[in-house]
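First up is the structure itself, then whatever we jot down about it.
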Amino acid sequence: MSPASGDAFELLAEKAGFREFRLKANGLRVLLLQNRVAPVATFAVVYHVGSRNEAVGYTGATHLLEHLMFKGTPEFDRSKGTAVAAVLEALGARFNATTWFDRTNYYETIPSDALETALAIEASRMRRAHLRDEDRVPEMTVVRNEFERGENSPFQVLYKETFATAFREHPYHHPTIGWRADIEGVSTARLREFYDTFYHPNNATAMLIGDFDEAEALASIARRFGPIPASPRPIPEVYTTEPPQEGERRFVVRRAGEVAWCGLSWRTVAARHADTPALAVLGNILGGGITSRLHQALVEKSLALSMTVVPWQLRDPALFSVFAPVRPGVEPAQVEATIRQEIARVAADSVTEAECEKARTQIEAEVIFDRDSSDQIAASLSEAIAVADWQWYADYPAAIRRVTPADVQRVVLAYLHDDGLTVGTYVPKPSAGNGAEASAEEA
Amino acid sequence: MTAPAAAPARRLFAESVRHRTLGNGARLFVLENRFNPTLALSGSFQAGRLYAPADRRLVASVTAGELMKGTGRRTKLQLAEDLESRAASLSFASDLGDPVGVDVVGSALSRDVDLLLDALVEVLRSPVFPAEELDKEKKRLVGAIRQQQEQTSLRAYESAMRRIYPASHPLHRPTGAERIGKVEALDRGMLEAFYAARYGAASLALVVVGDVEADRVLDRLEAGLGSWKPGPAPAIPQPGVPPAVPGAETVRLADKANADVVLAMPSDLVRTDADFLPCSLANSALGQSSLTSRLGVRVRDTEGLTYGIHSSFSATHVPGPFVVSLTVKPESRDAALDATLDEIGKYVRGGMTDKELAEEKSSRIGRFKVDLGSNSGIAQALDAAIYYGFGVAYLDEFPGKVAAVTKAEADAAFARRVRPEAFTVVSAGTF
């Protein structure tokens with residue numbers, strides 16, 4: 001580390017190749033991981049703000065704001081020929097931004113000699129985004145079309161309704177993209193207020209992964225981000241918690257379509273909880289590949305077309321979900337009953353050590369495969385620091401390795417019971433307009 | 001902690017990739033890349049829908065998909081158990097976009113390289129296509145086709161392909177009802193016959209990249225594949241380019257908040273054509289990115305009419321269509337379509353600006369480096385270069401080839417192939 005950057009940063013911790021620093025001037029966390037597979041690096045900034053920080057009236061604000069962050073700053077401005085996306089595109093960068101329940105992230109994977117440009121863009125838009133009404137108006141309709149695309153997907157409709165039903169008080173109730181009326185109605189001033197509340201260096205983690213020189217990178221980060229002041233006020237905490245669920249909840253969505261879907265979701269724990277690794281292992285035993293229990297029970301028995309198991313890992317207590325498109329001709333109730341039977345089988349008889357070992361191996365391998373490329377590590381790390389911290393990611397393989405069949409059975413008994421269950425069914429309504437030949441010539 | 005050494009200057013691919021051609025024609029390529037204890041496998045052979053009977057094209061994709069359903073030595077479940085228990089994966093697919101090839105994709109931790117290579121050899125050489133597995137797959141396929149019928153994007157694309165390509169063409173797309181009928185008529189004899197006729201080593205190319213010993217991998221693959229039948233010699237009968245079919249069609253689906261619009265026309269562009277790179281750069285400036293291309297800036301960024309708009313040439317060994325696709329709120333379709341066609345018309349008439357060409361070149365060269373940032377990225381790039389007959393050295397030469405494209409070449413190549421008045425326009429949604 002150079003003397004200059006050494007003065008600017010405090011080294012907080014290091015483990016498994018990661019080094020975590022704190023920029024003394026403003027509290028920005030900086031996470032470095034050298035991974036010199038290729039002359040490529042990924043720079044990402046994760047803001048600790050997501051739809052979890054929203055409420056009715058401005059649901060979707062985090063996501064709409066993320067879109068507006070591409071509309072420019074004084075330094076990166078379309079009118080000057082330096083639009084954010086155009087500058088990154090010309091570098092050949094793989095870049096984007098995403099919003100989720102607990103975080104918003106901005107990332108660029110670039111040839112490593114272009115790192116300075118990525119740092120300049122992210123430093124500029126941390127506090128200097130234009131956020132103009134003339135940008136919000138057309139971007140709102142872009143986002144609304146994104147919302148509409150989601151509404152076309154039975155799976156997305158099902159999981160959105162699942163969260164809205166399972167969470168009544170906690171903001172996980174709201175979809176990240178927002179409710180339609182809020183997307184349309186939120187004002188630019190409200191978005192500005194959101195930006196001014198959450199977009200500060202002390203509410204962000206910057207990460208640099210790949211091919212870089214540590215001393216040079218830290219010096220550049222200090223130069224670009226150091227002058228940005230910390231937030232004038234403390235970042236607001238979310239204090240709303242979801243009370244225990246006291247009985248099964250059910251919902252049905254009926255829309256025109258061809259294929260029914262079935263979803264079962266149980267209330268579980270926050271990612272940091274000690275039971276998270278056992279729930280992850282359970283997820284793979286039930287849904288990890290052709291040999292998994294639910295694939296065998298649903299797909300191999302021709303009850304479902306496929307199935308997905310999601311042990312959601314979020315900052316606050318979340319869900320353990322199973323979703324399946326039902327094969328036409330099969331009743332969704334049969335798929336639901338089969339899923340329940342498989343859960344009951346684990347509750348009664350546990351799982352085998354061989355199943356547990358396979359699941360542990362698969363999850364450990366995912367972490368090793370992550371290291372194949374800087375953007376894969378950045379993606380996994382972004383999720384980890386949003387729901388816990390980077391050390392949680394670094395420790396994850398060891399925590400998975402410690403999971404036993406008894407742990408898997410215990411978490412099923414503790415969480416996958418009917419009182420914490422939400423069952424959703426997407427029922428296709430027959431429609432005369434949906435036939436394969438329903439086309440009209442307009443030549 | 002000691003900082004890792006800097007990424008070394010990359011040696012030329014032409015010098016660092018080990019290569020062996022077997023007596024039966026199979027071509028094997030291995031690149032040692034020891035930064036992470038993993039390996040990526042990518043490969044292909046000529047057994048796609050182009051080679052299937054015109055009234056039964058799907059036999060190609062089903063045969064490829066059923067390869068993993070059991071061999072002379074292992075059942076589907078045993079094979080899956082052996083791979084999944086080691087977090088290894090292996091798959092075969094013949095997709096709609098490329099009528100010629102079957103893609104082979106695999107990955108494993110490097111400790112399991114033998115497991116992956118042995119499974120690959122076994123599956124290629126001795127699939128048994130169990131009847132009960134095909135029955136299950138037919139049920140799943142019928143359900144999946146019905147599921148596709150509710151997707152506006154697929155419905156728009158498929159209708160466009162049905163309009164612009166005649167039924168005999170490998171890119172023609174039958175209706176959902178027709179496809180369900182074809183699935184139900186499949187039997188394992190058809191798969192066995194297609195396998196016997198089309199599968200073999202002569203057109204097979206395999207690329208392995210990762211933390212492996214090249215000679216060991218080559219030896220093991222040669223031991224497994226060296227005695228495999230050559231099968232048919234590589235040959236690619238050209239299906240021809242039909243004339244454009246201008247017109248419009250609406251596929252009406254109920255309860256769809258979003259509509260998809262596809263503009264398509266046949267093109268004569270193939271991947272091996274000298275015009276491919278100029279056309280590809282010209283297309284990038286027009287419509288590769290929803291954020292930065294002309295279509296993206298106009299239809300999304302300025303007018304707010306779409307979340308996503310893209311244009312592309314589908315050029316493989318055989319010529320495919322030029323397609324522009326966008327998503328819209330149904331009420332915005334006409335405005336979005338007008339803006340799209342207006343922008344394409346201006347672009348065809350005026351060509352790229354010098355600045356656009358310079359930015360697209362810079363972007364393409366930078367993205368090329370970024371895409372080579374993983375074992376799988378390198379494996380895919382090598383596989384594509386070999387598949388199209390460019391050779392390994394193409395990866396070394398690519399930046400120079402991009403840099404050499406002129407504005408005149410790009411404008412002329414694009415304008416020769418894209419005519420706004422020739423589009424078939426299909427909208428799918430609730431109208």
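Taking only DSSP H segments of four or more residues, each worth -39500 (n - 2.57), what value at 222 nm results for chain B once the sum is divided by all its residues, to the nearest 500 deg cm²/dmol? Please list the in-between numbers first.
Values: 15 runs with 176 residues, N = 431.
About -12500 deg cm²/dmol.
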Between B:Asp55 and A:Glu248, what FRET efficiency comes out of the Förster formula 1/(1 + (r/R0)^6) with R0 = 45 Å and r the beta carbon distance, rounded to 0.05? 0.35
Set Lys and Arg Cβ to +1 and Asp and Glu Cβ to -1, take the dipole of chain A about its Cα centre, and tell me which of A:Pro111, A:Ser292, A:Ala260 lies farthest positive. A:Ala260
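So for region A:249-428: antiparallel DSSP bridges make up what percent, rounded to the nearest 5? Could you put the intermediate results ahead of the total?
On the way: 18 of 25 bridges.
For region A:249-428, the DSSP antiparallel bridge percentage is about 70.
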Using only alpha carbon pairs under 8 Å that are at least six residues apart, calculate the relative contact order of region B:228-315 and give it in whole percent. 21 percent
Considering the zone a paramagnetic label at B:Lys346 would reach in this model (a point 7 Å from Cα along the Cα-to-Cβ line), which residues of region B:297-333 have amide N under 14 Å from it? B:297-304
Taking R0 as 51 Å, what FRET efficiency do you get between B:Asp354 and A:Ala55 from their Cβ-Cβ distance, rounded to the nearest 0.05? 0.55
What order do you get for A:88-100, A:219-231 when each peptide is scored by the mean count of other beta carbon atoms within 10 Å, highest first? A:88-100, A:219-231
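Rg over Rh of the protein assembly as shown, using C-alpha atoms and the Kirkwood radius, what does it come to?
Numbers: Rg = 26.9 Å, Rh = 28.7 Å.
Taking Rg over the Kirkwood Rh, I get 0.94.
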Given the candidates A:Ser79, A:Gln34, A:Leu68, the one whose Cα lies deepest towards the positive end of the charge dipole of region A:1-102, counting +1 at each Lys or Arg C-beta and -1 at each Asp or Glu C-beta, is A:Gln34
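Region B:247-429: percent of C-alpha pairs farther apart than 19 Å?
Numbers: 10095 of 16653 pairs.
Across region B:247-429, Cα pairs with separations above 19 Å total 61 percent.
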How many angstrom lie between the Cα centre of region A:311-356 and the Cα centre of region B:80-116? 27 Å
Considering every pair of different Cα atoms, what Kirkwood radius, in Å, is found for chain A? 23.6 Å
Between 0 and 90°, nearest 10: helix A:276-287 axis offset from chain A longest Cα axis: 50 degrees
Mind checking the dipole of region B:182-336: about its Cα centre, +1 per Lys or Arg Cβ, -1 per Asp or Glu Cβ, Debye to the nearest 20? 240 debye
Compute the separation of the alpha-carbon centres of region B:140-211 and region A:141-165 and state it in Å as a whole number. 29 Å
Calculate the all-directions average of the projected area of region A:249-428's alpha-carbon convex hull, and give it in nm². 10.6 nm²
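Can you say what percent of the DSSP beta bridges in the protein assembly as shown, counting only those with both residues inside, are antiparallel? Round to 5. The partial results should precede the final answer.
Working: 97 of 123 bridges.
Antiparallel: roughly 80 percent of the beta bridges in the protein assembly as shown.
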Contact order normalised by residue count of region B:287-431, Cα under 8 Å, 6+ apart, percent: 20 percent
Computed about the Cα centre, the charge dipole of region A:3-225 from +1 Lys/Arg and -1 Asp/Glu charges at the Cβ has a magnitude in debye, to the nearest 20, of 240 debye
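Nearest-5 percent of antiparallel DSSP beta bridges in chain B?
On the way: 44 of 56 bridges.
Given both bridge residues lie in chain B, the antiparallel proportion sits at roughly 80 percent.
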With n ≥ 4 as the cut-off for DSSP H runs, can you work out [θ] at 222 nm for chain A, using -39500 (n - 2.57) per run divided by the number of residues, rounded to the nearest 500? -12500 deg cm²/dmol
Tell me, how many Å apart are the Cα centres for region A:173-212 and for region A:228-263? 17 Å
Could you check the simple spin-label distance between A:Trp392 and B:Thr75, using points 7 Å along Cα→Cβ, in nm with one decimal? 4.1 nm
Inter-label distance for A:Ala270 and A:Lys15, nm, one decimal - labels placed 7 Å from Cα along Cα-to-Cβ: 1.7 nm
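All other residues with a Cβ under 12 Å from the Cβ of A:Arg340 taken together, and with Lys, Arg as +1 and Asp, Glu as -1, what is their net charge?
On the way: positive: A:Arg345; negative: A:Glu248, A:Glu336, A:Glu342, A:Asp418.
Surrounding charge for A:Arg340 is -3.
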Residue-span extension gain [A:Ala25 to A:Gln156] - 0.36 nm each, minus C-alpha spacing: 42.9 nm
Cα radius of gyration and Dmax for region B:13-225 (Å): 18.4, 52
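How do A:176-183, A:62-69 rank on mean C-beta neighbours within 10 Å, highest first? It would help to have the intermediate numbers written out before the result.
Values: A:176-183: 19.6, A:62-69: 23.9.
Ranking the peptides A:176-183, A:62-69 by packing returns A:62-69, A:176-183.
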Label model pair B:Glu178, A:Arg180: point-to-point distance (7 angstrom along the Cα→beta-carbon line) in nm is 3.5 nm
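Bear in mind that the values in this text are calculations on the coordinates, not laboratory data. Predicted model only: the values in this text are computed from it and were never measured. In this analysis, Cβ positions are derived from the backbone assuming ideal geometry, glycine residues included, and neighbour counts consider all displayed protein chains.
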